[in-house]
Amino acid sequence: MKRLATVLAACVVLALPCAARAAARFAVVVGNNQGALGRARLWFAEKDAERFARALRELGDFAPERVVLLQGMTPASVRETLAATEARIATARAAGERALLVVYFSGHAGAQGLELGDQRISYDELRKFVSGSAAEAKVAIVDACEAGALTQVKGAMAAPALDFPLPEEAVQGTAYLASTAIGEAAQESQAIGGSFFTHHLEVALRGAGDLDGDGQVTLAEAFRYTSSRTVAGTSATEGGVQHPTYDFKMSGRGDVVLADLRRAEASLRIPADQGATYLVRGPRELLAEVPAGTLPITLALPSGHYAVERRSDLGRATAQFDLVRGVVRDMPPLQPTRYEMARAKGGPAPTLVFLGGGVASYPLDNFGFAPVVRAGVRQELGQFVARLRIDLAKRAVVDQGLHYSFSRVGGTLGLLTPVSLGRVLVEAGGEVGYGWSWQDVAGGLSKSGGDLFAGPTATATVRAGPLRIGLDGSFGAQLFKLNGASTVRPQASLALVLLFGMGR
């Protein structure tokens, strides 16, 4: 009996969400896209707050009525909500419950504090409220520019944040987490549909942050994962590297558990796949960008329909499937796209320039073919390829005793679809263009004029060492003026080209 009593008592602590007398968990989650006068409106601050609140409700053992989401509200509304939450915490404490308080903010901030429109909540006011709460454990998370002022960590000193010690069971105290160091900008990304910091924080809570594989994500694990991924994700942005910071003052035994993966509606197991990144899209605009590692990763997700994309140096592959409530599903087989099958067999880099030469016809009597110099650039756009091509042609022509020199410069813009045929990559599509030509007749007479071109085009290339080599051809209709009247006639060209650029 004594041992059983000891086990039951241990389960009451805040760090274990399995308790019969569950800890009272409260969260105030604030998002505001609007900052002070002159600030650009944010894209995702309010959406970030919504996603963080959802993760707490789904996985954090936070009762839905104890998570308050405020979007686009004033400081007065935030203060009222904080006061009301504190009253509920006091009631829970009086009933013998341990309490956890989480306060989250996403939006603009400056040296003076959090900005909600033209009004502010100062860092001192936020610290005073959080530290003065009756909850045993308090966590404040701020995803905003200059948020490092909350933690008082400056510049590059934020980097050691990955090595703070973990407190133990029955934890109490205060933790302040900030998405930036002092003087840094918090950055958003259209590609991931949110801020770097909050996106990776949500992914951490959904399982990517479960570093010890025990099925729970602690505050320390979540911050470690979020910090490292935020630094990596912003290392190549124009805004520069963003260093999450912390002020961690807790004591006791254990750590605050922010997510219990066993509470998930469904789960997806990402295989060990070092060097690959998985992009998981699901219901309710869920998006998770997860780098695979040397061990499998289990993501706690809502049930529904999903699309997954795997990215690596070898290319991209995709799959679509359904996650059923209560089921842990392994990642299904992924199918390379037609383009990625080509890339895996030696396909081109995303951006290439090309140079070559060949022949081109022009719809004039007795013209034949003219030698042509061809140059251009090729750029991937998702599953398509955009191509800009410039041609320069010149030829001496004899037409029924009339000798003249013909010159033409023209450009086309094409959109092509790549298709793999073994080692050969074929790209086919359509193009439109414009050109200008000159006819210089012996004796001084000359004419010039423009023409329009539209028609199908195709290239076939293979790898040749660091380059690619192949044929580039087009055939279509050319609109121009002949003897003062508009005329449409066929036109064709074929060139041998070398492609080079930022290769794989």
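Brief remarks on what is shown
- The chain: angle of helix 123-132 to the longest principal axis, Cα-based, in degrees nearest 10: 40
- Principal-axis tilt of helix 219-234 within the chain, Cα atoms, nearest 10 degrees: 20
- Other-chain or far-sequence residues with amide H under 5 Å of N33's (modelled H): E46, G72
- Hydrodynamic radius (Kirkwood) for region 240-341, which is based on Cα pairs only, to one decimal in Å: 15.6
- Principal semi-axes of the equivalent ellipsoid, √(5λ) from the alpha carbon gyration tensor of region 26-72, are 25, 10, 5 Å from largest down.
- Phi angles of region 35-43 translate, via the Karplus equation with coefficients 6.51, -1.76, 1.60 and θ = phi - 60°, into HN-Hα couplings of x, 5, 3, x, 7, 5, 5, 6, 7 Hz per residue; Gly and Pro are given as x.
- On a per residue basis, the convex hull of the C-alpha atoms belonging to region 390-504 measures out at 132 Å³.
- Accessible area (Å², per residue) of the chain, counting only protein heavy atoms and a probe of 1.4 Å: 45
- The modelled label-to-label distance between L413 and F369, using points 7 Å beyond Cα along the C-beta direction, is 3.0 nm.
- Averaging 1/r over every pair of different alpha carbons in region 173-261 and inverting the result gives a Kirkwood radius of 13.6 Å.
- With all protein chains modelled, accessible area of I192 [1.4 Å, Å²]: 10
- Note on the chain: the alpha carbon radius of gyration divided by the globular reference 2.2 N^0.38 Å gives 1.34.
- Using the Karplus relation 6.51 cos²θ - 1.76 cosθ + 1.60 with θ = phi - 60°, the per-residue 3J(HN,Hα) values for region 50-65 come to 4, 5, 5, 4, 5, 5, 5, 5, 5, 10, x, 6, 8, 4, x, 6 Hz, with x marking Gly and Pro.
- Under 5 Å, built H, 5+ apart or other chain: amide partners of M331: R269
- Close amide H pairs (under 5 Å, H built 1.01 Å from N) link G293 with D273, residues at least 5 positions away or on another chain.
- Number of Lys pairs (Cα under 20 Å; 8 or more positions apart or on different chains) in the chain: 7
- Across the accessible surface of the chain, with the other protein chains kept in place and a 1.4 Å probe, carbon and sulfur atoms take up 59 percent.
- Cα centroid separation, region 224-289 to region 379-458: 50 Å.
- Considering only the chain, percent of DSSP beta bridges that pair antiparallel, nearest 5: 80
The values are calculated or read from the model by the stated rules, or taken from the named source; none is laboratory data. From a predicted model like this one, the values you see are computed outputs, not experimental measurements. All Cβ positions, even for glycine, are placed from backbone atoms using ideal geometry, and neighbour counts span all protein chains on display. Surface accessibility is based on the protein's heavy atoms, side chains included, excluding ligands, DNA and RNA. Shrake-Rupley method; radii C 1.70, N 1.55, O 1.52, S 1.80 Å.
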